[in-house]
Structures are given as structure tokens and as C-alpha cells.
Amino acid sequence: MPKVSRNHRYKFKKEPPEGFSKIEHALNSFSEKMKEAEKQTLEVNRPKYESTWKITMLNHQRSRYIFDLYYKRKLISRKLYDWLIANKFADKELIAKWKKNGYEKLCCLQCIQVGNTNQQTTCICRVPKASMNGSDNEQGKHIRCKNCGCRGCASTD
Ligand SMILES: [Zn+2]
Ligand SMILES: [Zn+2]
């Protein structure tokens with residue numbers, strides 16, 4: 001009988017590069033949380049659009065974790081980083097935005113998407129808190145965008 005690796009929870013086409021075992025635990029805990037979030041049903045009275053918030057948030061956190069490992073903490077190799085992207089552990093397009101000026105904290109791609117009306121609409125969470133004035137500023141503290149539940153992701157926040 002072939003030996004089955006107990007260590008790897010996932011089935012990969014290609015064996016993960018060196019260094020994977022060091023971060024596997026963290027990745028597992030992300031996917032557990034995601035599974036839980038998928039099962040979760042919304043509390044009554046909550047608007048429907050909130051149902052994807054948790055998943056989007058977890059996806060964001062996992063991409064950020066991998067982004068930091070490679071670009072900030074320099075703890076993983078390029079090979080492992082590419083492999084993680086290829087295996088969808090991190091959102092390549094979101095990370096590409098984080099490298100751009102003004103998008104360092106972007107929550108999700110939806111919040112910068114051009115609406116179907118072809119009108120560029122800036123999501124409320126992209127508006128810097130500092131530019132919300134007076135009473136709006138008070139209000140700004142409680143704002144969450146509909147796309148992902150973001151409370152503000154402008155670079156200056
Ligand atoms: Zn946002
Ligand atoms: Zn968002």
C-alpha cells in the first residue's frame with residue numbers, strides 16, 4: 001500500500017516547495033475558519049449582503065499573511081510564494097493592488113470595481129476618514145461598506 005502522508009491535509013498536484021510545513025499550521029487554521037464561515041447562517045434581521053463578509057475577510061487575512069511572509073518578513077522563498085498563489089492560498093490580484101500607492105490596505109477588489117453602470121463609484125470604505133468632515137466624521141466611524149463589511153481601508157486611515 002502506498003504511504004499516505006498524514007501531514008498534508010490538502011491534495012496537491014505538485015508537492016509543495018520547501019518551507020511549506022512551517023506555515024501549514026497557519027494555513028490550516030484559516031481554512032478551518034473558512035469552512036465554519038461557509039456553514040454559518042446569518043442571524044435573522046441581518047441584510048443578505050452580509051453573508052459573504054466573513055469569507056471575504058478571511059480571504060483577505062490569508063492573502064495578507066502570505067504577502068507579509070514574502071514581501072515584509074521575507075520568511076518564504078519566491079518558489080513557495082508562487083506555489084501558494086498557484087494553489088489559490090492568496091489572491092494574486094489583491095496583492096498586486098497592495099503594492100500600489102494608495103492601495104496598501106485595500107480590503108477587496110469589489111470595492112474598487114467599476115459599477116455595471118460604467119460609472120466609477122468609490123466605495124465608502126475607500127474614502128479617507130480625514131476627508132469626512134464634521135458630523136460626517138462621527139458617522140464615518142460606524143460606516144461599513146456593503147461589499148465586504150470594511151470599516152475603512154484608505155491608506156491614510
Ligand atoms: Zn474597504
Ligand atoms: Zn471591500
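Just so you know, all these numbers are worked out from the coordinates, no wet-lab data involved. As the structure is a prediction and not an experimental result, all values here were calculated from the model. Neighbour counts are summed over all protein chains in view; Cβ atoms, including those assigned to glycine, are modelled from backbone coordinates with ideal geometry.
For the pair K97 and E24, the difference between a 0.36 nm per residue extended length and the Cα-Cα distance amounts to 23.8 nm.
The calculated FRET efficiency for the pair V114 and A86, based on their C-beta separation and a Förster distance of 25 Å, comes to about 0.35.
Which pairs break 18 Å Cα to Cα here: K11/K88; K14/K79; K14/K54; K13/K97; K11/K72; K92/K146? In this structure, K14/K54; K13/K97; K11/K72; K92/K146 lie more than 18 Å apart at Cα.
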